[in-house]
């Protein structure tokens, strides 16, 4: 049976994992390659690496980080952050990524989705959607530039557009829930998931196993992503997967 | 030496990296002369079935067909496996290699497509490629079209009905999943291929 995917996310800047791991034990030490390998060995189904600084000066550092992280990683590996052109994407693939995630650049130029899909296949083109609830309307608005700029786009409509243009998956982050640990936004995830035929990866708000049960059930998600709970050791992949299996969701073992 | 055939459909870094990891000598090439001289051939591939047209235009199809005649082991991955069939409903006018009769088909409408993620192998009978890999092992898939279950199917997978996850006849092998992305199970499969 096709399993629900549990994805470990590494937020990096200048070659170091930054989100929520500064106070972690010394074994990890914030090195993306070590953390990627550790998460893979522990049972993560995929690894996503997001360059949250994504500045021009950091491009070379990022490519080097991707190359080091990819070297011994034999599960799907996605890289996002600052990918603005087909050439940027090509560099990331050459360094060993399997998929790229694009966000602001896809909104600025939606043909970028098609360009990447045509050259590298739809399965390699992930469109990241950062969405926030609009007050009282029941709708969700898309933000860009790390959540700083409103795009005016509706999240459901934009996801459909991205699919039409060749996106292979949608990485959907709830800005309202990001970093809160109070659970995924299942209404957002279901609204997008029910509108497209491609897989939707839920992100933002994971605090414990129950939240994954909710987002795979009520949220209709195909995959769910988290960062802090794995880095902090609050949740191990095997415990999480055991609980999902008990709740009736197919998951991949051994992990 | 293993020739990983590059026909500009997707990124072959991961496949090359996996062979490097297990200590196999592999080159990524678009040169028919290199393909003809190789001890083993790997044809990866993602994306659209019509991308395989490049193989004919670049002289690679002839090189692969010639090597197969000489009993050189061949492994098709994803679209590289689908290309071993006669055709695909994704691009009906494009001819596959025709090792097996029949056409690749789309997933039925009742399931989401593409089929993306980790799914299980139901191993059927003897396989040199899957030696040492237990039934129900998880491997990573990402595809919208599939090869139906045929006589030479050595592993099937269930998603909107059963389809071929792996096919095998003599020195010809095809896998719908990505061994280079399937953790220890995938690396074992590649080792099996290398040690043929």
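A short reminder: the numbers here are calculations on the coordinates, not readings from a lab. Everything quoted here is computed from the prediction, not taken from an experiment. So basically every Cβ, Gly included, is an ideal-geometry build from the backbone, and we count neighbours across all protein chains shown.
Numerical summary
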quantity	calculated
Neighbour-count order for B:107, B:138, fewest beta carbons within 10 angstrom listed first	B:107, B:138
Spatial separation of Cα centroids for region B:125-196 and region A:140-189, in angstrom	35
Among A:235, A:134, A:151, residue whose mean-square fluctuation peaks in a GNM of chain A (springs only between Cα atoms under 10 Å)	A:134
Test item: B:110-117 mean partner chain Cβ contacts at 10 Å	6
Anisotropy class of chain A from Cα gyration tensor, a/c 1.5 cut	rounded
Shielding by partners, peptide A:98-108 (average Cβ within 10 angstrom, other chains)	1
Residue B:25/residue A:242 FRET efficiency (R0 41 Å; Cβ-Cβ; nearest 0.05)	0.50
Region B:2-194: relative contact order as a whole-number percent, Cα under 8 Å and 6+ apart	19
For chain A: relative contact order, % (alpha-carbon pairs under 8 angstrom, 6 or more apart)	19
Highest-fluctuation residue, B:111, B:99, B:175 considered, GNM on chain B with Cα pairs under 10 Å	B:111
Rough spin-label spacing in nm, given labels placed 7 Å along Cα→Cβ, for residue A:16 and residue B:105	5.6
Cα shape, region B:89-164, gyration tensor, a/c 1.5 rule	oblate
Most mobile of B:105, B:25, B:168 in a GNM of chain B (Cα contacts under 10 Å)	B:25
Inter-label distance, nm, simple model (7 Å from Cα along the C-beta direction), residue A:180/residue A:109	3.6
Relative contact order (%) - criterion: Cα under 8 Å, at least six apart; region: region B:70-132	20
Tensor-based shape of region B:1-62 (alpha-carbon gyration tensor, a/c under 1.5 rounded, otherwise prolate or oblate)	oblate
10 Å Cβ neighbours from other chains, averaged over peptide B:9-19	5
